[in-house]
1. Do you know which residues across the stretch 140-181 are surrounded by fewer than 16 Cβ atoms within 10 Å (Cβ to Cβ), under 21 Å from Arg9 (Cα atoms) and more than 15 Å from the chain's Cα centre (by Cα)?
2. Just the residues that are open to solvent by less than 60 Å² (accessible area, probe 1.4 Å) and over 22 Å from Val118 (Cβ atoms), please, taken from the stretch 182-191.
3. Given the criteria surrounded by 12 or more Cβ atoms within 10 Å (Cβ to Cβ) and modelled with pLDDT of 95 or more, does Leu137 qualify?
4. Out of the helices (runs of 4 or more DSSP H) lying entirely within the stretch 1-106, which hold 3 or more residues that are within 13 Å of the ligand (Cβ to nearest atom) and either under 21 Å from the mean Cα position of the chain (by Cα) or at pLDDT 95 or above (or both)?
5. State yes or no: is Asp145 under 30 Å from Asp53 (Cβ atoms) and free of Cβ contacts under 8 Å to residues at least 40 places away in the same chain?
6. Please determine, by comparing only the residues of the stretch 162-184 that are free of Cβ contacts under 8 Å to residues at least 24 places away in the same chain and touching a Gly at 6+ places or on another chain (Cβ under 9 Å), which one is farthest from Asp201 (Cα to Cα).
Amino acid sequence: MVVASKAPRILLVEDEDALATLVTYNLEAEGFIVEHAARGDEADLMLLENPPDLAILDWMLPGLSGIEICRRLRAREATQTLPVIMLTARGQEDERVRGLSTGADDYVVKPFSVPELVARIRALLRRASPERVADQLVAGEIVLDRASRRVHRGARELDLGATEFRLLEHLMEKPGRVYTRAQLLDAVWGQSAEIDERTVDVHVGRLRKELSRPKQQDPIRTVRGAGYGFDENFGK
Ligand code: CA
């Protein structure tokens, strides 16, 4: 059985460009989908139109403060329980924030460490929807561990490069689904990557070689004229 579906979407509302870039970069590396707004009023609209799985709100923002955004989120039925992390500057954290009476679920004081922020995000998401942030993807004897970035097939630990790991992770998230090479390039290499689609074949080849020893069942399906997928019946 494979646990976990698509990557959680996070809205980051932060007006300091450098910090927003740093956090976005790191959260994307952790597998989250990140949207960013630099103004409070802009964020308020985004939250109204298409609520994410979690929001990170800076307290002091142009347009509308983080606290006011949070108050509005809680007043709307669709976002009443949306996980919210508030960012505050040191010295700004008064009783309202400490008591989380702003409606935020958690708060982080700047400057913070990115791993700390990631840990809090995962904890909140786990509470909100446990299957979205499963630490492990499991199919038969194949176990992919996101936290340690390790993959085992039975007792054997696989020696995968970073690209092969992401490729396998992506395929295992939706067993049975067939992806075109272009879709895999987008998901695994990123939309800006200008890479030949044959590169996908090369990495799938490497992944397969490491994943399956001779006589072992190959969990990766090649669909002629379409692309690749993870066999939903593997290990069943
Ligand atoms: Ca700010």
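The values are calculated or read from the model by the stated rules, or taken from the named source; none is laboratory data. Model, not experiment: these values are computed from the prediction. For neighbour counting, all protein chains shown are included, and Cβ atoms are generated from backbone atoms with ideal geometry for every residue, glycine included. Accessible surface is based on the protein model in full, side chains and every heavy atom, while ligands, DNA and RNA are left aside. Shrake-Rupley method; radii C 1.70, N 1.55, O 1.52, S 1.80 Å.
1. Residue satisfying the conditions is Arg177 alone.
2. Those that are open to solvent by less than 60 Å² (accessible area, probe 1.4 Å) and over 22 Å from Val118 (Cβ atoms): Ala182, Leu184, Leu185, Trp189.
3. So Leu137 does not fit the description; no.
4. Passing ranges, in order: 17-29.
5. So Asp145 fits the description; yes.
6. Arg166
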